[in-house]
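This report concerns only the one structure given below.
Derivation of every value follows stated rules applied to the coordinates shown; laboratory data play no part. All figures in this text were calculated on a predicted structure; none of them were measured in a lab. Glycine also receives a Cβ, built like all others from the backbone with ideal geometry; neighbour counts cover every protein chain displayed.
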């Protein structure tokens, strides 16, 4: 993941960016939006969810 933005929501962090890569067998280039929502309990991640749609990740985190 190549993050462009982080949003700190106390016990939750949203990372918004994209993923890049190349298929090992096919050689096809991949460049796609990617967002992750991390839930924390204390200093540890209790859950991490990945989304291919930025809007969906923001809605899942309780944001517009």
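Evaluate the following for residue 61: is it in contact (Cβ under 8 Å) with a residue 24 or more places away in the chain, at negative phi and surrounded by 10 or more Cβ atoms within 10 Å (Cβ to Cβ)? When the stated conditions are applied, residue 61 passes them. The requirement of being touching a residue at least 24 places away in the same chain (Cβ under 8 Å), at positive phi and outside any strand (DSSP E or B) is fulfilled nowhere in the range 31-54; no residue meets it. Taking the criterion of being in a strand (DSSP E or B), in contact (Cβ under 8 Å) with a residue 24 or more places away in the chain and out of contact with any helix residue (DSSP H, G or I) (no Cβ under 9 Å at 6 or more places or on another chain), the residues of the range 3-14 that qualify are 12, 13. If you go through the range 15-44 and pick out every residue that is surrounded by 12 or more Cβ atoms within 10 Å (Cβ to Cβ), out of contact with any helix residue (DSSP H, G or I) (no Cβ under 6 Å at 6 or more places or on another chain) and under 20 Å from residue 60 (Cβ atoms), you end up with 9.
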